[in-house]
Each structure stands twice: as C-alpha cells, then as structure tokens.
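The values are calculated or read from the model by the stated rules, or taken from the named source; none is laboratory data. No experiment lies behind these values; they were computed from the predicted model shown. Note that each Cβ is placed from the backbone with ideal geometry, even for glycine, and that neighbours are counted across all protein chains shown. Areas reflect the complete protein model, heavy atoms only, side chains present, ligands, DNA and RNA absent. Shrake-Rupley method; radii C 1.70, N 1.55, O 1.52, S 1.80 Å.
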Amino acid sequence: MHNFDELVEIGAEFTLKALNETFGKIEQEFHLSAHTPLVKGVQMIQLQKAILATGMYSMFEAKLQNSLACSDGFKEAKKILLQRGETDLVNRFNDFYLAINVLKHGKGSSYNALVAKSKNLPFRLKLPTEYFFDEGDVSEVSTLVEVDDKFVLNCAELIREISDILKSN
C-alpha cells in the first residue's frame, strides 16, 4: 500500500511546480495582452492551490480515522500528540486545521479564532476590514486565507510530521 504522507509531499511539490510553470507562461503572455482568459488562467492556478491544500487535509482526516479506528481522526491525533509532549506541533496543526476550515466554510468560529491570533499565524488571513491581500493582483481569488506555495508545502509537511509520530505509536 502507498505511504500517504510521502505521496502528499511529493504530490504537492509536483503539482506546485506544474502550476507555477503554467503561471509563468501565462504571465509572459500578459506582456502582449491582458485578455480575460489570461486573467482567468492565473486565477484558476491560485484556486487550484486552495483546492490542493483543502484536499490534502480532507484525505488526511480520512486516513487518520481509518488508521486510528475512530470517528474524529484529527481529535484523536491531537490527543496522541499531546500525550507525547508535541504541543508546538499540535498548535501549528491546529492553525492550519482552522485555515482549511475557513477555506471550506468561510467566516465562522474557525475564522474568528484565527482573527484573534492573526499576528502570530504562519500564513496571511484576510481580516474583517480587508478586501484584498494585494490590491491590483489580478491572480487573487476570493479566499479568506492566502494560499501560496508556502502554505501548501506547510500543510504537506505537517501531515508528514504528524504521520511520522503516529507511526511510532
């Protein structure tokens, strides 16, 4: 059987490379014109990054539920990690867990929890008073969390780190 956490990291890197290559090609075409299909192309690439991160976490949750034989894989994983003294890892994981919830559901309790600690997050969160991450960036899509390459790779890295610790259980 495949090793999910390894495939997630490799897959994230592979997908980001392909998306960034396509982004670069479209960006070169912007020098000639700014036609709507080009704008939609770079927006699609940004949206794909959000879909990639959300999908990785959703599949990780299913993997945890199966391997830990429970109905709430994230809750059970956090419990095990805390028992092993992995408080910092649980805190980082929780920040990204909340961010994924915000990507999936928009404003709500997860968003409010992130707003309360927005200055200490390892990613950018669109605050209630903000309309854009970077005004004038035609590639920006309407999300409350900025999903860049670093965000996606951090998600994959967290999945691997958590999986490594749980495997030694």
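When residues of the range 88-101 are filtered for being under 12 Å from Tyr57 (Cα atoms) and either without any contact (Cβ under 8 Å) to a residue 12 or more places away in the chain or buried (at least 17 other Cβ atoms within 10 Å of the Cβ) (or both), how many remain? Outline the logic, then answer.
Filtering the range 88-101 down to residues under 12 Å from Tyr57 (Cα atoms) leaves 93-94, 96-101.
Right, trim to either without any contact (Cβ under 8 Å) to a residue 12 or more places away in the chain or buried (at least 17 other Cβ atoms within 10 Å of the Cβ) (or both) and you get 93, 96-101.
Qualifying residue count, the range 88-101: 7.
Restricted to the range 140-165, and to residues that are open to solvent by 20 Å² or more (accessible area, probe 1.4 Å), touching a residue at least 40 places away in the same chain (Cβ under 8 Å) and outside any helix (DSSP H, G or I), which residue is nearest to Lys17 (Cα to Cα)?
Start the filter on the range 140-165 by keeping residues that are open to solvent by 20 Å² or more (accessible area, probe 1.4 Å), which leaves 140-144, 146, 148-150, 153-154, 157, 160-161, 164-165.
Now restrict to residues that are touching a residue at least 40 places away in the same chain (Cβ under 8 Å): 140-141, 143-144, 148-149, 153-154, 157, 160-161, 164-165.
From what is left, the residues that are outside any helix (DSSP H, G or I) are 140-141, 143-144, 148.
Working: Glu140: 19, Val141: 19, Thr143: 22, Leu144: 24, Asp148: 12 Å.
The extreme case among them is Asp148.
Among the polar types (S, T, N, Q) and farther than 26 Å from Gln65 by Cβ: is that true of Asn20 in this structure? Reasoning before the result, please.
Details: among the polar types (S, T, N, Q): yes; farther than 26 Å from Gln65 by Cβ: yes.
Considered against the rule, which asks whether it is among the polar types (S, T, N, Q) and farther than 26 Å from Gln65 by Cβ, Asn20 comes out as yes.
Could you tell me how many of the residues in the range 102-139 are part of a loop (DSSP other than H, G, I, E, B), under 25 Å from Met44 (Cβ atoms) and open to solvent by less than 40 Å² (accessible area, probe 1.4 Å)? Lay out the reasoning, then the answer.
Going residue by residue through the range 102-139, those that are part of a loop (DSSP other than H, G, I, E, B) are 106-108, 117, 121-124, 126-139.
From the residues that got through so far, the ones that are under 25 Å from Met44 (Cβ atoms) too are 106-107, 123-124, 126, 130-139.
In the following step, the residues that additionally are open to solvent by less than 40 Å² (accessible area, probe 1.4 Å) were identified as 106, 123, 126, 133, 139.
Of the residues in that region, 5 qualify.
Name the residue, out of Phe14, Phe74, Phe30, that is within 19 Å of Val147 (Cβ to Cβ) and not small (Gly, Ala, Ser).
Working: Phe74 fails: within 19 Å of Val147 (Cβ to Cβ); Phe30 fails: within 19 Å of Val147 (Cβ to Cβ).
Result: Phe14 is the single residue among Phe14, Phe74, Phe30 that is within 19 Å of Val147 (Cβ to Cβ) and not small (Gly, Ala, Ser).
Let's see how each residue does on (1) basic (Lys, Arg); (2) touching an Asp or Glu at 6+ places or on another chain (Cβ under 7 Å):
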| residue | (1), (2) |
| --- | --- |
| Gln28 | no, no |
| Leu38 | no, yes |
| Ile51 | no, no |
| Lys63 | yes, no |
| Ser67 | no, no |
| Lys78 | yes, no |
| Gly85 | no, no |
